[in-house]
Amino acid sequence: MSHKIFTVKNTIRFNHCDPAGIVFFPRYFEMMNRALEKFFTEILGKSFQDFMNENIITPTCHISSDFILPCRLEEKISIHLTLSKISRSTAYFNYEFEGEDGGKRLNIKQIIVMTDHQKMKSISIPEEIRKIMEEYLA
């Protein structure tokens, strides 16, 4: 069974880089979060703000990364987003950073939890959101 992949294009800018001209590692997490925000808005049809207006937040409870090759100033990269698992309240996201040459640069795994903002307790992922996420299960 094939799955969908959500891709975000990015160009490495000066503000992403350290004095060596390669991406300073925390900037990758900012790029990852930008990809997640775009996924929510463009694919799930709700922005982070829309969820907050419904008293729902999606904090990260786990993140891990494997750095393969550095990204350099002005390099064009693609960030490919898929999911590996969805449980009652958690979604397991995978991000693969790829250079224009097709070379892998970085992999990030992130687990987010649908959470009631007031009670700070996990809640079930809304069924309409779950159905869309399932299309991206790798």
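Is there a residue being within 30 Å of Pro19 (Cα to Cα), buried (at least 16 other Cβ atoms within 10 Å of the Cβ) and acidic (Asp, Glu) anywhere in the range 99-116? There is no residue in the range 99-116 that is within 30 Å of Pro19 (Cα to Cα), buried (at least 16 other Cβ atoms within 10 Å of the Cβ) and acidic (Asp, Glu).
Quick check on Pro70: is it farther than 26 Å from Ser2 by Cβ, out of contact with any Ser or Thr (no Cβ under 7 Å at 6 or more places or on another chain), free of Cβ contacts under 8 Å to residues at least 60 places away in the same chain and not aromatic (Phe, Trp, Tyr)? In short, yes.
Against the criterion of being in contact (Cβ under 8 Å) with a residue 40 or more places away in the chain, farther than 21 Å from Thr115 by Cβ, among the polar types (S, T, N, Q) and surrounded by fewer than 17 Cβ atoms within 10 Å (Cβ to Cβ), Ser84 does not qualify. I'd like to know if the range 9-26 contains one or more residues that are within 24 Å of Glu128 (Cβ to Cβ), at pLDDT 95 or above, surrounded by 12 or more Cβ atoms within 10 Å (Cβ to Cβ) and not aliphatic (A, V, I, L, M). For the range 9-26, residues within 24 Å of Glu128 (Cβ to Cβ), at pLDDT 95 or above, surrounded by 12 or more Cβ atoms within 10 Å (Cβ to Cβ) and not aliphatic (A, V, I, L, M): absent.
Only one of the numbered conditions (1) modelled with pLDDT of 95 or more; (2) hydrophobic (A, V, I, L, M, F, W, C); (3) surrounded by fewer than 16 Cβ atoms within 10 Å (Cβ to Cβ) is violated by Ala138, and that is (1). Residues that are under 23 Å from Lys9 (Cβ atoms), among the hydroxyl-bearing types (Ser, Thr, Tyr) and in contact with a helix residue (DSSP H, G or I) (Cβ under 6 Å, 6 or more places away or on another chain) do occur in the range 85-98, at least one of them. One residue alone among Asn94, Asn107 is over 15 Å from Phe39 (Cα atoms) and not small (Gly, Ala, Ser), and that residue is Asn107. Scanning the range 46-65 for residues that are closer than 21 Å to Ile5 by Cα and either touching a Leu at 6+ places or on another chain (Cβ under 7 Å) or without any contact (Cβ under 8 Å) to a residue 24 or more places away in the chain (or both) gives Ser47, Phe48, Ser65.
The values are calculated or read from the model by the stated rules, or taken from the named source; none is laboratory data. Computed from a prediction, not measured in an experiment: that's the story for all the values here. Cβ sites come from the backbone with ideal geometry, for glycine too, and all protein chains shown count toward neighbours.
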